[in-house]
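Worksheet: one structure, shown below.
The values are calculated or read from the model by the stated rules, or taken from the named source; none is laboratory data. Quantities reported herein were computed from a predicted structural model and do not represent experimental measurements. No Cβ is skipped: glycine too gets one built from the backbone with ideal geometry, and neighbour counts run over all protein chains shown.
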Amino acid sequence: MCGIVGFTGSDAALPVLLDGLASLEYRGYDSAGVALQVPGDGLWLRRRSGKLAELTGAVGDAPADATTGIGHTRWATHGRPSERNAHPQTDGSGDLAIVHNGIVENFLELREELEASGHEFRSETDTEVLAHLVADELAEGRSLADAVRSLLHSADGSFAVAVVHADDPGLIVAARRVSPLVAGVADEAAFVASDIPALLPHTREVLVVDDDQVVELRPGSVRITDLDGTELTPELRTITWDVEQAEKGGYEDFMLKEIHEQPAAVRDTLSGRTAPSGELMLDELRLSEDELRAVDKVFLVGCGTSYHAAMVAKYALEHWTRLPCEIDIASEFRYRDPVVDTRTLVVGVSQSGETADTIEAMKYAKRWDARIIAVTNVVDSSMARLADAVLYTHAGPEIGVAATKTHLAQVVALELLALYLAGLRGTRYTSEARDLLAELCEIPSRIETVIGRSDDIHPVAHELVDVRDFFFLGRGVGYPVAMEGALKLKEISYARAEAYPGGEMKHGPIALIEPGTVVVGVATRSHVYAKVLGNISEMRTRGATIVLVANDGDDTAAGLADHVLWVPSTIELFSPAVDTVALQLFAYHLAKERGRDVDKPRNLAKTVTVE
Ligand code: AGP
């Protein structure tokens, strides 16, 4: 996730671009840049690594008479945060500049072709490929709009782009596929941006750009065309939100927005990595296949929600790879003298990549010369630098303290890693991996289905708002789902919530079950489904109120429950990525009913950098 902005008008462009970038910084903030058209003198470009303030402090010599330009604030996906990987990217001519939000899935292939035809690359980004492709089209005599349109034919993946060229003064051409893009028009000015907040100081009349559309912006006009160049009548929306509401995309809170972003987070994490053979593209690989084949034991370490993703992955890893796999809460790992050696693979799981407990666990493993992989959402974070290989979750920045979209992205990234290792070790047949990957690609739409049922989950939370004690039960991969459901409820609603494997209740905790206690069971279909229902019956008999996460149409589960949170079914090992969403929404609604600040729960920090 990145933020792009463009302005063309009669006023100075730079202040408009910098203000726009400031309101888009929530979309990414590891580097930023602008490109301005200088009347009669080409383009002026400035990029800086770090937060937007670094760029703002470096534009004192910008041409004041430039009235057209584009800007970018970055959340790195391809290429670590640095000045040369910052946007705008160029084709090296000095005449063309492009900003991009999204992922070009086939960029390696395109880059090879371009290099073979003599193009020189200066960055590690996928975006630079787009700059060279546009340059080639212009060299063939095409207009800038047609050259940008050609990107929609040659590039796969998700992207929103804005392009300026020295030979087309006053013109910005933008295009979109999947990644968001909005345009605005005012007297003698036109704007384009990744999100509405960047436009609000200038206009409340917003044009929504749809997939595979090209936008030509000139001062006072916006023209939208389709893939064939046919002019379209754009949909005009009047925005009534204030800036803060707009940053939340109209949602009440960042947490709710991020819950809704989960299908995209999962899609982007899978994007470009799901070759039918089961091959996985690790973002930064400093481990050979032989080293990975030699691994005889895996440790997965993380904290909080990341630990729960690791718990899910243990089931998948052991099942698919037949490697022994242990999971550890990172703060415990190095203090228990674990058996780690050169054939051990240690996977550190962390949204931020900066959690002190997980960093220390990884350093411990490094001292024993283990192989180390980081699964993180932040490019070039401490863990990414420490590890031998990195698998990034492309969830975009997460602002709500309670992890949601990064968790689901971790779950699918770890499942991919498990499939990859299984492929390397030859423990899964290619055809089976292909079927699994095909189902994995269906997960985003299943998540969408659950999110679409938020209004059915809300009344359940409303009815249980005053309950003091919750128990969350699950078995198999349903157990980490129960753990995550309980953690979400605890951290944002402050209700007491304990999670147990269903079979463990009879060994003690069942003494706490009495009328008024709520038991939330993860009862989706699995090889332990009958056992879960048996455990739920035991709770019901003792007077507990039962809430079940169950698969659509499961009358047996419904017969045992006071309330059902319905979810679509999927392959058992993937079910956490779907079932968890129902529990996130349950926790969200219950916390809101209790009047809690879900984005900033008391006593919590988004990133815990102390041990
Ligand atoms: C999740 O909702 C929590 N905010 C917390 O448990 C978090 O997952 C934990 O602190 C680990 O953070 P990390 O993923 O950035 O390492």
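Residues are listed down the side, and each one gets a yes or a no for (1) at pLDDT 95 or above; (2) within 25 Å of Thr393 (Cα to Cα); (3) of a type in the set (Ser, Thr, Tyr):
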{"site": "Ala403", "(1), (2), (3)": "yes, yes, no"}
{"site": "His407", "(1), (2), (3)": "yes, yes, no"}
{"site": "Leu417", "(1), (2), (3)": "no, yes, no"}
{"site": "Arg428", "(1), (2), (3)": "no, yes, no"}
{"site": "Glu448", "(1), (2), (3)": "yes, yes, no"}
{"site": "Leu464", "(1), (2), (3)": "yes, no, no"}
{"site": "Gly476", "(1), (2), (3)": "yes, yes, no"}
{"site": "Ala495", "(1), (2), (3)": "yes, no, no"}
{"site": "Glu498", "(1), (2), (3)": "yes, no, no"}
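Residue check: is Ala76 at pLDDT below 90 and of a type in the set (Gly, Ala, Ser)? Criteria met by Ala76.
Yes/no matrix, rows are residues, columns are (1) under 19 Å from His308 (Cα atoms); (2) of a type in the set (Asp, Glu):
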{"site": "Gly485", "(1), (2)": "yes, no"}
{"site": "Glu491", "(1), (2)": "yes, yes"}
{"site": "Arg496", "(1), (2)": "yes, no"}
{"site": "Gly502", "(1), (2)": "yes, no"}
{"site": "Pro509", "(1), (2)": "no, no"}
{"site": "Glu514", "(1), (2)": "no, yes"}
{"site": "Val519", "(1), (2)": "no, no"}
{"site": "Ala523", "(1), (2)": "yes, no"}
{"site": "Lys531", "(1), (2)": "no, no"}
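The criterion of at least 1 residues that are within 16 Å of the ligand (Cβ to nearest atom) is met by the following strands (runs of 3 or more DSSP E) wholly inside region 496-611: 496-501.
Residue by residue, here is whether (1) of a type in the set (A, V, I, L, M, F, W, C); (2) within 16 Å of the ligand (Cβ to nearest atom) holds:
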site: Cys303; (1), (2): yes, yes
site: Ala310; (1), (2): yes, yes
site: Ala313; (1), (2): yes, yes
site: Ala316; (1), (2): yes, no
site: Pro324; (1), (2): no, no
site: Asp328; (1), (2): no, yes
site: Thr342; (1), (2): no, no
site: Gly348; (1), (2): no, yes
site: Gly353; (1), (2): no, yes
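Please verify whether Val148 is of a type in the set (Val, Ile, Thr), touching a Lys or Arg at 6+ places or on another chain (Cβ under 8 Å) and touching a residue at least 24 places away in the same chain (Cβ under 8 Å), treating the condition exactly as stated. Criteria not met by Val148.
Criterion first (at pLDDT below 95 and hydrophobic (A, V, I, L, M, F, W, C)) does Leu604 satisfy it? Yes. All of Ala370, Ala413 fail the test of being under 28 Å from Leu436 (Cβ atoms), away from the ligand (no atom under 14 Å from the Cβ) and in contact with a Ser or Thr (Cβ under 7 Å, 6 or more places away or on another chain), apart from Ala370.
For Ser431, which of the numbered conditions (1) among the hydroxyl-bearing types (Ser, Thr, Tyr); (2) away from the ligand (no atom under 16 Å from the Cβ); (3) in contact (Cβ under 8 Å) with a residue 24 or more places away in the chain fails to hold? Answer for Ser431: the failing condition is (3). Taken together, Gly33, Gly57, Gly40, Gly6 contain a single residue that is of a type outside the set (Lys, Arg), free of Cβ contacts under 8 Å to residues at least 24 places away in the same chain and either surrounded by 21 or more Cβ atoms within 10 Å (Cβ to Cβ) or within 20 Å of Asn85 (Cβ to Cβ) (or both), which is Gly57.
At least 3 residues being modelled with pLDDT of 75 or more is the threshold, and among the helices (runs of 4 or more DSSP H) wholly inside region 206-288 those reaching it are 254-260, 262-270.
Condition first: farther than 20 Å from Val401 by Cβ, without any contact (Cβ under 8 Å) to a residue 24 or more places away in the chain and assigned to a helix (DSSP H, G or I). Can you find one or more residues in region 480-495 that meet it? Looking through region 480-495, none of the residues is farther than 20 Å from Val401 by Cβ, without any contact (Cβ under 8 Å) to a residue 24 or more places away in the chain and assigned to a helix (DSSP H, G or I).
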